[in-house]
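So the structure is just underneath, and the comments pick up after that.
The values are calculated or read from the model by the stated rules, or taken from the named source; none is laboratory data. Everything quoted here is computed from the prediction, not taken from an experiment. Positions of Cβ are backbone-derived with ideal geometry, glycine not excepted, and every protein chain shown enters the neighbour counts. The accessibility values were calculated without ligands, DNA or RNA, using every heavy atom of the protein model including side chains. Shrake-Rupley method; radii C 1.70, N 1.55, O 1.52, S 1.80 Å.
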Amino acid sequence: MSDVTRTKHGRPVHHWRRDVVELAALFTAVAVADAVANMIGHGPDGPALLVVSAVVLVATAGFHIWWARHHNHAPPPAHDTGPRPPATAEQAGSTPADPAGATTLWRMRTTVRDEPGSLAALCMALADRRVDILSLQAHPLAEGTVDEFLLRAPEALPAAELTRSIARAGGAGTWIERADAHDLVDAPTRVLGLATRTALDAAELPLALRQLLGRCTIRSLPAASRAVSRRDGTTPAAPEDMVPVDGVLEGTVLRLRGPEGEVITVERPYLPFTPTEFARARALVELDTRLGPRVPLSQDTLTLPEGNSITLRRADTADVDAAKAMHDRCSQRTLSLRYHGPVRDADRYLNHLLSPRFGRTLAVQTASGRVVGIGHLLWDGDETEIALLVEDDWQRRGIGGRLLRRLVAMAVEAGCESVYAVTQASNTGMVAAMRGLGLPLDYQIEEGTLVITARLDATTVSPPAQGVHAERHQRAER
């Protein structure tokens, strides 16, 4: 047991050695004082000895004060249970923290050798840079271990310096990006939340996969488009058809068998997928497959300027027949503005457009149950497309603008950064509706085709057009 003074139940506890030393010092001081007194009282040089004793006493007191200041008896750091003063920049060996205490959240992933001490070296490197580890996940692989961190670092510490520190500690293939408050949620809770969203709405699957796997490109190839005819009339399997039910993991690409036989391809060129990520993605797709097609039956009731009421609701493949009937009532010009091609082939797109696997669809329905307008929010890889079709007799009543604003609000809820609409330069109605959003717009025109891209900001989406009133109702899911 050392001579360290400890604290137990709030009371100081002294070791017996210190007590013995203090007692011996007391007896020595008494003996010295008695000897000096005898010399002064019986010797001829008493006054001189008294002056010398005073000088020695002052020198001894000064030496004691100096010794106490430079050799304090505080417990060593290994046994310190109280608060510590902040370390200086020299002690930490790193960039000093921001005076205001500002910090930045980072998501970082690096690969280390699968051997004892490799993770400890990374943690020490982060501690030297005054970086706090908020969460850590380890993914063992054949060639090493991938460690995934959520970090809180001083704002003055750049990402490049952090990456160099990790490299010196043995980390390889380091990837780092800014994080936000949503990343503070632990992984199981986040996965359960994504599973809940997927269970409520089939259109949430691509969004859930993107939030689960980070920045990635997700494409879905329908089963019908994979058939390739031979000369003998047979249809051999394309490479994607060889994807087993359990899926395939190939470095930065994973392929999963979708609910309707399609192949869902997820690609992330900057970072290989781990087996844990693959298992989580496969579980989401399996959940979606078991639940089957489903959309939440929410609806908005709109009152038009002339007093008529119409309903805005989610639609899916069950509305294909109603959408075809609306096509029959639309003029050739209206269909050509929407589909940019031979209008006789418009009906064949409906199964794809109305499928919740590829996006979200809103239908405008009259009080009699007739569908007079359809709006699509389609997942197009990393981008999101918006498309509208309103029956001729119901145009110029504010329906298109209201439909467009609701689709944009859904895109904002889904976390999309922008949406784009493809139309013709002569489609003044669509151009006016996009301008009515009050969002920053970019225009690209090529051979009569106009692409309008809106950068999304939830605080700048314009309110419904004047004269159109909405009342929202929520119903049970089917």
Going through the stretch 429-453 in order, the residues found to be closer than 18 Å to Tyr339 by Cβ and of a type in the set (Val, Ile, Thr) are Val431, Thr449, Val451, Ile452
Those residues of the stretch 267-307 which are aromatic (Phe, Trp, Tyr) and in contact with a helix residue (DSSP H, G or I) (Cβ under 8 Å, 6 or more places away or on another chain) amount to Phe273
Taking the stated definitions as given, is Leu122 of a type in the set (A, V, I, L, M), more than 30 Å from Val243 (Cα to Cα) and either part of a strand (DSSP E or B) or in contact with a His (Cβ under 8 Å, 6 or more places away or on another chain) (or both)?
no
Among residues of the stretch 271-303 being of a type in the set (Ser, Thr, Tyr) and open to solvent by less than 60 Å² (accessible area, probe 1.4 Å), the residue farthest from Pro206 (Cα to Cα) is Thr303
For helices (runs of 4 or more DSSP H) lying entirely in the stretch 267-342, having 2 or more residues that are of a type outside the set (A, V, I, L, M), under 26 Å from Ala387 (Cβ atoms) and in contact with a Leu (Cβ under 9 Å, 6 or more places away or on another chain) picks out 320-329, 332-339
Q.
Take the conditions modelled with pLDDT of 90 or more and either out of contact with any strand residue (DSSP E or B) (no Cβ under 9 Å at 6 or more places or on another chain) or buried (at least 20 other Cβ atoms within 10 Å of the Cβ) (or both) and apply them to Leu404. Does it pass?
A. yes
State yes or no: is Leu388 under 17 Å from Thr423 (Cα atoms), crowded, with 22+ Cβ neighbours inside 10 Å and of a type outside the set (Lys, Arg)? yes
In the stretch 257-270, anything open to solvent by less than 10 Å² (accessible area, probe 1.4 Å) and farther than 28 Å from Thr317 by Cβ is listed as Arg268
Among Leu439, Leu377, the single one that is under 27 Å from the mean Cα position of the chain (by Cα) and farther than 29 Å from Pro259 by Cα is Leu439
Of the listed residues (Arg405, Arg396), the one being of a type outside the set (A, V, I, L, M), touching a helix residue (DSSP H, G or I) at 6+ places or on another chain (Cβ under 9 Å) and assigned to a helix (DSSP H, G or I) is Arg405
Worksheet item: Among the residues of the stretch 344-365, is any assigned to a helix (DSSP H, G or I) and closer than 23 Å to Thr301 by Cα?
Response: yes
